[in-house]
Amino acid sequence: MKTTDKIIQLLKLHGPLTAKTLAEELALTTMGVRQHLQALEDTGDVDIEDRAEGRGRPTRYWTLTEQSRVHFADRHEELTVQLIDSVRMIFGDQGLDKLIDHREQSALIQYRAAMVGATDIPTRLAILVQLRSNEGYMATMEQMDGVYFLLENHCPICAAATKCLNFCRSELQLFQQLFNDIAVVSREEHIIEGARRCAYKIEVITLK
């Protein structure tokens, strides 16, 4: 993988980063990374964001632009949108909902089979992260103060989800069903609403 591709991957996974942080991640000099960032800026893939952080000069962060999406697979957006329109036209909204429900139930069966024996949140979540990453979601997990997060840094079905928000509703319901015996799942960030990623909070069920 080229250095510029690695930089794009890191910015997609972590959001805006400084040249120094990128250099540390890539084991390169800061000057060398800046040259690659300049090349990416010239092609319109990255932009600059200066942040005031205490005294002195603002800290320069690099962030991906909308154009950078061409570097990530989107599962044939145009065909997907055409198929959704066709299903709506022939079977109506009810038919489209049935199709989405079928997709959800199929995924639920597949995911649960992969999670057999996983009885705690971190183990179950780690399996889910792997499954979603295999599907192109660039998923990661985080844990802060006893709360877990599923982070999806890319949405390979973004065109379909934009056309029909029930895809997003269905995915949230899928995650809720996967953890309904041990945790409560809620969506905290949403790509469709302009966020950089989709973030799902997974909290242990507390007995009242």
Checklist entry - In whole Å, how far is the Cα centre of region 70-124 from that of region 148-167? => result 10 Å
Item to check | Cα→Cβ-extended label distance, 7 Å offset, between Lys201 and Gln176, nm | outcome: 1.5 nm
Checklist entry - What spacing in nm lies between the two simple spin-label points modelled at Thr59 and Leu108, each 7 Å away from Cα in the Cβ direction? => result 4.4 nm
Checklist outcome for this item: Ordering Met89, Met144, Met31 by the accessible surface of their heavy atoms, 1.4 Å probe, largest first, yields Met89, Met31, Met144
Checklist entry - Per residue, what accessible area does the chain have, given a 1.4 Å probe and all protein chains present, in Å²? => result 58 Å²
Next on the checklist: For region 103-205, what does the relative contact order come out to in percent, with C-alpha contacts under 8 Å and a separation of six or more?
Outcome noted: 25 percent
Next on the checklist: Probe radius 1.4 Å, ligands and nucleic acids ignored: give me the carbon and sulfur share of the accessible area of region 108-208 as a rounded percent.
Outcome noted: 55 percent
Checklist entry - By per-residue mean of other Cβ atoms within 10 Å, what is the highest-first order of 91-98, 35-42? => result 35-42, 91-98
Next on the checklist: Can you give me the solvent accessible area of Tyr61 with a 1.4 Å probe, rounded to the nearest 10 Å²?
Outcome noted: 40 Å²
Checklist entry - When the Kirkwood hydrodynamic radius is evaluated over all pairs of different C-alpha atoms of the chain, what value in angstrom, to one decimal, is obtained? => result 19.2 Å
Item to check | For the chain, cysteines whose Cβ has no other cysteine Cβ within reach (under 4.7 Å) | outcome: Cys164, Cys168, Cys198
Checklist entry - Taking only C-alpha pairs under 8 Å that are 6+ residues apart, what is the relative contact order of the chain in percent? => result 16 percent
Checklist outcome for this item: Relative to the compact-globule estimate 2.2 N^0.38 Å (N residues), the Cα gyration radius of region 75-164 stands at a ratio of 1.30
Checklist entry - Given the Cα-Cα distance of Asp42 and Glu25 and 0.36 nm per residue of separation, how much length would full extension add, in nm? => result 3.9 nm
Checklist entry - Hey, what did region 39-125 get for relative contact order, percent, Cα under 8 Å, at least 6 apart? => result 15 percent
Checklist entry - To the nearest 10 degrees, how steep is helix 166-179 against the longest Cα principal axis of the chain, on a 0 to 90 scale? => result 80 degrees
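The values are calculated or read from the model by the stated rules, or taken from the named source; none is laboratory data. The structure displayed is predicted, hence computed values, not measured ones. We place every Cβ from the backbone using ideal geometry, glycine too, and count neighbours over all the protein chains shown. These accessible areas exclude ligands, DNA and RNA; they are computed on the full protein's heavy atoms, side chains included. Shrake-Rupley method; radii C 1.70, N 1.55, O 1.52, S 1.80 Å.
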